[in-house]
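The values are calculated or read from the model by the stated rules, or taken from the named source; none is laboratory data. Only a predicted model underlies this, so the values are computations on that prediction, with no experimental measurement involved. Every residue, glycine among them, receives a Cβ derived from its backbone with ideal geometry; neighbour counts consider all protein chains shown. Just so you know, the surface numbers come from the protein's heavy atoms only, side chains and all, with ligands and any DNA or RNA stripped out. Shrake-Rupley method; radii C 1.70, N 1.55, O 1.52, S 1.80 Å.
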Amino acid sequence: MIETTMPRPEQIVVCKWHPELIGSLLDRSLEVYVILDAFDVEHMHPDRKLLANAERVYEISEFDSLEEISAVAADLSLRGVAGDRIISFTEFSQFGAGYLSTLLGDTGDPLRHVAYRDKRLMKQRVAAADVPTAAWVSLPDRADEQDLRAVREQLTFPIVVKPASGGGTIGTFAVNSPEELSPKLAGLGATPFVKTSQLIAEEFVVGRELHIDAFWEEGEPLLFLVSAYHENRLTVLDGISCGADATLALDGSSVIAQEDAPELYRRVLELHRSVNRALGIERAVTHLEVFERHDGELVFSEIATRLAGAWIPLMLSEATGMDIYRSLAESMTNGKIPAARPSRRHIGGLHLRPSAPGRITAIPSTEEILAVDGVLRVQRLRKVGDVVDFSHPSEWCVFVVIGTDDATEYEELLHRVAREIRIEVEPLGARS
């Protein structure tokens, strides 16, 4: 009698809670291990019945704890788990997931996962691959005169300063002249969600801001969608910081259909492949941001090896005709995804916030927003009584995905939704 050994199932380690993704993975013949942090446990209400189907669930205080990630790695190693794939699709688990991969035997570049978060290392590697990249200077110590002098001498103002490892334009600001640099840096407080005080200063690139969302398998794109922000992210930031009517700056993006811009897609794909080679990206999910200058040149801004946040997952689900997390699970387990079946010819997303900071006094219900013709999806993240203080542009309130089959109707719908769906607030301190 000939004995046959069945191949072991693929071992997947998922960092942080996401019900659709974890549920989709558990539906397949995989060994799934899940790591939750304190925020997941305390605020995201993970489904314990669903998690009972995982091989093991670990709970840690945060993904930035070397001790806790090391302990998880040790236990996985003792169980014979090499971690064929470690999945991390949030900013807050990226460093921990990369360190875990290194501990479990990834023989690649140990700094690779750092380059996916630290914009200085990222830009250095991408620029070395001859990809057009915004000029930049490292600013490790904002009080060091030598560091400040390097910024003043090597960059042409205006410039943009941002946390070296931040995300979503949190802590990002423009500096118009060399004389403004020191006063603005001296007035900086703590940046939300960012631990390091190290910064990067870079060229202010003028042009249209694009984001590209893709799934990659062995270096080939299974999903590849180019979108354009309605307004550049710094324009949204300026509207908040200057106290202007925030609804005047459309906060969101629209998917560009490939058939409408085949040459743009070709050039973006060519640039993306170069970025992937520079950073060692072969089997991953990516969110790339580039600027398209007025002369058509594409300039690399930054990339994340995770699914985009905010309204973008909802928008991608409409653009592909399938829940994006389930599509992601398909790509990771089968190496392919169903053909995209967009629900509308023109699709976009909006973030809606009040026109001024304050305490929310009225916010439309999900049902009321969905009743607006052309609104396809809604995600409410705030309620009456919550405070919106305009501390950063990623202070999310309500995400709306819209779509029509006519381009003119789409533009009208975009501005009408931004104008008519209102979140009312009272000034802070107005209550007696």
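Per-residue extension of 0.36 nm, minus the Cα-Cα distance of residue 283 and residue 323, leaves a gain of 12.4 nm for this segment.
Pop out the carbon and sulfur fraction of the accessible area of the chain as a percent, whole number, probe 1.4 Å. Roughly 50 percent of what the probe reaches on the chain is carbon or sulfur. Computed extension gain for residue 106 through residue 260, at 0.36 nm per residue and net of the alpha carbon distance, reaches 51.3 nm.
Rounded to whole numbers, the Karplus 3J(HN,Hα) couplings from phi for segment 342-357 are x, 6, 9, 6, 10, 9, x, x, 9, 9, 9, 9, x, 7, 7, x Hz, using 6.51 cos²θ - 1.76 cosθ + 1.60 with θ = phi - 60°, and x at Gly and Pro.
Once backbone amide H atoms are built at 1.01 Å from N, residue 135 has 203 as its partners under 5 Å, excluding neighbours fewer than 5 places away on the same chain.
Residue ranking by accessible heavy-atom surface, 1.4 Å probe, largest first, among 122, 44 comes out as 44, 122. How many angstrom lie between the C-alpha centres of segment 96-118 and segment 178-210? Taking the Cα centre of each part, segment 96-118 and segment 178-210 sit 26 Å apart. Per residue, the accessible area of the chain comes to 46 Å² when a 1.4 Å probe rolls over the protein heavy atoms.
Restriction of the GluC sites (Glu not before Pro) in segment 117-226 to DSSP coil positions whose beta-carbon has at most 15 other beta-carbons within 10 angstrom yields 218.
Mean residue ellipticity at 222 nm, helices only, the chain: -9500 deg cm²/dmol; runs of at least 4 DSSP H residues each add -39,500 (n - 2.57), and the sum is divided by the number of residues.
Counting only Cβ charges, +1 for Lys and Arg and -1 for Asp and Glu, the dipole size of segment 45-112 around its Cα centre is about 300 debye. Find the centroid of the Cα atoms in segment 401-419 and in segment 291-368, then give the distance between the two in whole Å. Measuring centre to centre over Cα atoms gives 16 Å.
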